[in-house]
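Structure first, then comments.
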Amino acid sequence: MAPERGARPPPAGPPPAGTEGLPRAFLQSLRTLFDILDDRRRGYVHLREIESRWQGAEARELPAGVLEGLRRAAPASGYLTFERFVLGLRAALPGADGGPPGKGRAPGRGRGEEKERERERGRGTAVSASRSLEKLPSPHGAEERRGQSAGHREPEPEPSQPRARGIDVKSAGQSQGDGGHGGAGDVRRHQRGRAEHRRHTIANGVDFSMYGIVLDAGSSHTAMFIYKWPADKENDTGVVSEHSMCDVEGPGISSYSSDPPAAGKSLEHCLNQALRDVPKEKHAVTPLYLGATAGMRLLNIANLQASNAVLSAVTAMLKSYPFDFRGAKILSGEEEGVFGWVTANYLLENFIKRGWLGEWIQPKKKTLGAMDFGGASTQITFETRDTIEDPRNEVMLKLYGQPYKVYTHSFLCYGRDQVLKRLLSKLLQAESYQATVPNPCWPTGYRKSLSLSSIYDSPCTEKERPSLPLNTIITMAGTGNGSLCALHISKLFNFTTCSFSRCSFDGIFQPEVSGNFIAFSAFFYTVDFIQTVMERPVHLPKDLKDAAETICATSWSELLQKAPKLEKRLSDYCATSMFVYLLTTRGYNFNNHSFPNIAFQKKAGETSIGWALGYMLNLTNMIPAEEPASHKSMLYNYWVILILLFVVTTLTALVTAVYLLRRSKSSAI
Ligand SMILES: Nc1ncnc2c1ncn2[C@@H]1O[C@H](COP(=O)(O)OP(=O)(O)OP(=O)(O)O)[C@@H](O)[C@H]1O
């Protein structure tokens, strides 16, 4: 965009008073737009440059007269300074008298944007599922489905709440239809959000970054993630990264069922951090989401009213902040699984990536399976070519033009904390609720008194609840016996019933695991403990089993000596290691060949792996379903260049050959 020969940059001198009387925020938005056009920061943009950028489809969507207004504002040289640029736009605004835009029509919200929304409505969503997963009651163990069908009712979405879209895994009672497309209202709302993003403002120079906030309201705790990406690269892979995060003090929001306002209050500290971490001028255009997982799914089953009250309380708190609040909802287990898979593969650029020439490349790499071991549920999600015999486990995705057939299942009550409760319940049952019960999964030297209510306060254990008063206290004493511990833990799974050609456990269909996997959250915490505290490698299933047995056989005092900072969790590593061993090997059927393909990792680069990023990418349409247009055109351009090169080389060779031939002939004469 250098000035053409003969043309002169605008003369210095008093600028036309184009900016006078305009609101500061509006002016800043225009400045940002101008700076995008003036990408070399010269302080002026040629009219022709603007015309060429806004030609074609986009130009039709400019409010009538914009180009005309700019033409009139431009001097003879055609170079527009910022003031002239504003002057030109002012002239083009409806009812323009040169004054600020009227209330009825905010800048950037003209017919063009309406049309953009219309177009988006028809285009579908970024991550589209071929169908919705229906939740049906299933016998013991397939708790996830039972829960969803028995009691899971999403609260009526508030106007600002996003209904399921993108990966549209609907809860029981909701209609199915083509799961890939959310309601038009959602898309409309979303598009408005995007348009607002583009009206970002400036402070001390231009900040081209955009931000998004997701609160991961898990069963054990809530974490807030702030993501950041360059404004001009929304649809690139791998460009969104974690800007900062915050751990909410206290337990997960589902624990506030008896005092819902406290659930909202608990978020204050992290939200205040978000006020500082996101530049002030970006607050209003920063989308804010809260997704609640298995803890709230369980509360939803146990006490629908309380679950709604908690969601309302957190919604009220989130709305009181100046961010663009887009809703608080309970994710289904399948959404949690699939969004975790999207996050991992997005971060590792397994879907698509930019080549060094800026072209889009479809990497030859296969996608990575994702395994999440939360506090109340565990998810396994991977791409497969096998037939998925149970359609409830199949999600078809189209990302960047590529179809993906993904297997996913979420096991409710198989998260770490619920597994530990269920194990205690099994142990009490085995010992007929004696006053003192031996616990082979606790280290020797460790004793603890528990009230029955702390074990039977969950839908995961309520079926096993004895007829004793819930305030009964029972003392448990660790006996550190790994093989006995494994025996009790194996009782948590049903490995025998299966109505498909193959199952993981609890009658749930699962194809053979294939490819590499990433195992995060408590999978990572458990294996990390084995590797760093117990100093044992975990390559093969046997390593995991041996390590679990060693932990079980280590006394409480020894464990305390090894990792005093982990005191709160130390007594449970024997059980969780043994559980991870049984879940991965007998449950998911990893063997000596496939187990080494699991990476136990909680981050990719600096970004945490979990459902939160995938959820935001989907809701902000940052993963398009279609192949990026530039991919096709770039490839086309390369072909043209290659053919031209070929023609030029051939011609040059021919000319040279003729020339040499003539010369040799003439010298021969
Ligand atoms: N350092 C650690 N060592 C062992 N376990 C841990 C550690 N930190 C957290 N955990 C436990 O790991 C489990 C999973 O934590 P995570 O935060 O992923 O779950 P969540 O999001 O609360 O649960 P869910 O996704 O099921 O709602 C929880 O039981 C948590 O208490």
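Sequentially through the range 471-477, phi angles give Karplus couplings (6.51, -1.76, 1.60; θ = phi - 60°) of 8, 4, 9, 10, 9, 10, 10 Hz, Gly and Pro residues having no value and appearing as x.
Extending 7 Å from the Cα toward the beta-carbon at both Q402 and R569 defines two label points whose distance is 3.3 nm.
In this Cβ point-charge picture (+1 for Lys and Arg, -1 for Asp and Glu), the range 525-669 has a dipole of about 800 debye about its Cα centre. Per-atom-type breakdown for the range 533-626 gives carbon and sulfur 47% of the accessible area (1.4 Å probe, protein chains only). The accessible-area ordering, largest first, of the residues H46, H409 stands as H46, H409, per a 1.4 angstrom probe.
Within the range 317-370, the trypsin sites (Lys or Arg not before Pro) that combine a DSSP coil assignment with at most 14 other C-beta atoms in a 10 angstrom radius are K364, K365, K366. Rounded to the nearest whole Hz, the Karplus-based 3J(HN,Hα) values (6.51 cos²θ - 1.76 cosθ + 1.60, θ = phi - 60°) of the range 539-553 follow the sequence 10, 10, x, 4, 4, 5, 5, 4, 5, 4, 5, 5, 4, 4, 7, with x at glycine and proline. Please compute, over every Cα-Cα pair in the range 269-390, the percentage with a separation greater than 24 angstrom. Percentage above 24 Å: 51.
Take the alpha carbon atoms of the range 487-560, find their center, do the same for the range 390-448, and report the distance between the two centers in whole angstrom. Answer, in whole Å: 11.
Given a 1.4 Å probe and the protein chains as shown, R447 ends up with an accessible area of around 150 Å². In the range 245-312, carbon and sulfur make up what percent of the accessible area (probe 1.4 Å)? Carbon plus sulfur share of accessible area: 51 percent. Residues L87, L27, sorted by accessible area with the largest first, give L87, L27 [1.4 Å probe; ligands and nucleic acids excluded]. Between the amide H of G401 and those of E626, E627, distances stay under 5 Å, these residues lying 5 or more places away or on another chain, with hydrogens modeled in the peptide plane.
Multiplying the residue separation of T652 and N494 by 0.36 nm and removing their Cα-Cα distance gives an extension gain of 49.4 nm. Computed from the C-beta positions of H593 and S454, the FRET efficiency with R₀ = 41 Å rounds to 0.50.
Average accessible surface for the range 488-632: 41 Å² per residue, computed with a 1.4 Å probe over protein heavy atoms with every protein chain in place. For the residues H269, H593, H243, H488, a 1.4 Å probe over the protein chains yields an accessible-area ranking, largest first, of H593, H269, H243, H488. Across the cross-link table entries K366/K491; K405/K602; K426/K542; K542/K568; K491/K542, which are compared at the Cα atoms, the separations over 31 Å belong to K366/K491.
The phi torsions of the range 405-419, fed into the Karplus equation with coefficients 6.51, -1.76 and 1.60 and a -60° offset, translate into couplings of 9, 10, 8, 9, 8, 10, 9, 6, 6, 10, x, 4, 5, 6, 4 Hz, rounded to whole numbers, with Gly and Pro shown as x.
The values are calculated or read from the model by the stated rules, or taken from the named source; none is laboratory data. These numbers come from a predicted model, not from an experiment. Note that each Cβ is placed from the backbone with ideal geometry, even for glycine, and that neighbours are counted across all protein chains shown. Calculation scope for accessible area: heavy atoms of the full protein, side chains included, ligands and nucleic acids excluded. Shrake-Rupley method; radii C 1.70, N 1.55, O 1.52, S 1.80 Å.
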